[in-house]
Amino acid sequence: MGPGLNFESVVERFYEPLYQFAFSLTRSEADACDLTQQTFYVWATKGHQLRDPTKVKTWLFTTLHRAFLESRRRQVRFPHYELEEVPLDLPTLSPATVNQLDSAQVLQALTQVDEIYQAPVALFYLEDCAYKEIAEILAVPIGTVKSRMARGIAQLQSILTQGERESRRERQND
Amino acid sequence: MLYRPETADATDAGFTEALALCEREPELKAWFAAHCALYAAIRAKFKQVAVPEGFKEQIIAERQAHTTPLWQRAVLAVGAVAAAVLVVFTIQQHLPYHEPQNFAVYRSYMGGIAQRAYGMDTNTSNLDYIRTSLSQSHAIADYVLPKNLQKNAKATGCVATTWRGREVSMICFQSGRPLPNPSSSDLWLFISDSTIAKDAPRKSTPAFETSNGLTSASWTIGNRTYILATTSGDEKFLEKFLPEKAVL
């Protein structure tokens, strides 16, 4: 392993963003810990094969995402409720509305987005990866990444807007 | 819509023309400002996900515990032969017990050990020596001690023990409250694998239990489950030794 790639420094740099990505996918602290630890275990055993130190981040996120997909394949599938087709125009969601929410509410909204869009949306908001890197992490072409992101973002913002409207109606009825 | 402010997108050639257009067109500029503000607001919520306390140290400690120097492998190869002889004895240890193997039973058993007389494997207040001692005993040594416990209690020693054939590391502390015997302990940390029982806690937020004169808090970080138990106080007393609560 080259200089700057020693295990502890890699953990120091990436444990938090990896955990946050894992948590956004699983919404479970235990599962997010498992995925993150598994990723660093794989790094410890196979990371020496990586020649280009600038690819560490992509390598780690790719490994975590693969582990997540593998774990999903083993789980019992729960019914997926189709979201109504969202209009291409974005709903009028304001930053002020989002600021009133807590992190758990936003992540809960993410669970209602079509599953195939959730990882792209999480990476869109969490990490400063270039779209090319995101395409590598998700193992899909860059065009697919962008279209999934665009649809996923639209769904997320629509869900947050709907949630805000429902809360406002409840407050008016009280 | 896919532009992310304050990221590498600012220098992405794919966005250059669109950014220039936003600067020239007032309506587009206003829309763009709103888009960036909304992106920042949602991103802030995603970034608020907090990592459990001690998780980084857990990852590093696990790797250290699993790294075996070359010279030790030869020793282990010889040891494997001796281990084969112990297989029959070990199988006997795993024969079904009449008591259920759930977390409450495990916790109660460990609490019983703490309240009875037991012999320390190592008597020391040095936490590094304690970790080394447990590691040399091939007990669980890749644990993460809560910062509050290190700060507010004084270690007295450790014991490498087992429950139903599963390794448990026991680290003993003094809480600072007066004790009948100056050399005894009133605070015990038990560390096991998180698979010690099917209903072992899954969260890093401690869960409290009081029974048989013992107050305890249990939590799990990564693949290690912790029980901190005391005879000297209640939940409020125990809180000052526990990990900081994660904030979501």
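All of the numbers you see were taken from the coordinates with simple rules; none came from a lab. This one's a predicted model, so the numbers in the text were calculated from it and none came from an experiment. FYI the Cβ positions are ideal-geometry reconstructions off the backbone, even for glycines, and counts take in every protein chain you see.
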>> Checking the a/c ratio against 1.5 first, then a/b against b/c, what shape does the Cα gyration tensor give for the stretch B:8-47?
In response: oblate
> Just counting partner chain Cβ atoms within 10 Å, what average do the residues of peptide A:26-33 show around their Cβ?
Replying inline: 5
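Once Rh for the stretch A:1-78 is found with the Kirkwood sum over Cα pairs, what is the Stokes-Einstein diffusion coefficient at 20 °C and 1.002 mPa s, in µm²/s?
It comes out at roughly 167 µm²/s.
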> So for the pair A:Q105, B:A18, with labels modelled 7 Å out along Cα→Cβ, what separation do we get in nm?
Replying inline: 2.9 nm
>> Between A:S147 and B:Q115, what is the label-point separation in nm under the 7 Å Cα-to-beta-carbon projection?
In response: 6.6 nm
> Taking the Cα centre of each part, how many Å lie between the stretch B:1-39 and the stretch B:159-238?
Replying inline: 54 Å
> Between B:I221 and residues 5 or more places away or on another chain, which pairs have amide H atoms under 5 Å apart, with H built 1.01 Å from N, and which residues are they?
Replying inline: B:Y226
>> Given a Förster distance of 35 Å, report the FRET efficiency between A:S28 and B:C36 from their Cβ-Cβ distance, rounded to the nearest 0.05.
In response: 0.65
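So between B:D193 and B:Q150, what do we pick up on full extension, going 0.36 nm a residue minus the alpha carbon distance? Write down the numbers at each step before the final one.
Details: separation 43, 0.36 × 43 = 15.48 nm, distance 2.13 nm.
That pair, B:D193 and B:Q150, stretches by 13.3 nm at full extension.
Compare the peptides A:157-168, B:20-31, A:11-22 by average per-residue count of other Cβ atoms within 10 angstrom and give them in order, highest first. Don't skip to the answer; put the middle values down first.
Details: A:157-168: 16.7, B:20-31: 11.7, A:11-22: 21.7.
Packing proxy ranking, top to bottom: A:11-22, A:157-168, B:20-31.
I need the fraction of alpha carbon pairs in the stretch A:86-174 separated by more than 18 Å, rounded to a whole percent.
Values: 1868 of 3916 pairs.
Every Cα pair in the stretch A:86-174 considered, those over 18 Å come to 48 percent.
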> Taking every residue in A:123-134, how many Cβ atoms of other protein chains lie within 10 Å of its Cβ, on average?
Replying inline: 4
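For every other residue with a beta carbon closer than 13 angstrom to the beta carbon of A:V121, add +1 if it is Lys or Arg and -1 if Asp or Glu, then tell me the sum. Can you show the working numbers first?
Values: positive: A:K146, A:R148, A:R151, B:R4, B:R43, B:K45; negative: A:D114, A:E115, A:E127.
Spelling it out: positives minus negatives among the neighbours equals +3.
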> Could you put B:L127, B:L187, B:L145 in order, starting from the residue whose Cβ has the fewest other Cβ atoms within 10 Å?
Replying inline: B:L127, B:L145, B:L187
> Any idea how far apart A:A130 and A:Q172 come out in nm if each label point goes 7 Å out from Cα toward Cβ?
Replying inline: 4.9 nm
> When only C-alpha pairs under 8 Å and at least 6 residues apart count, what is the relative contact order of the stretch A:86-174, in percent?
Replying inline: 43 percent
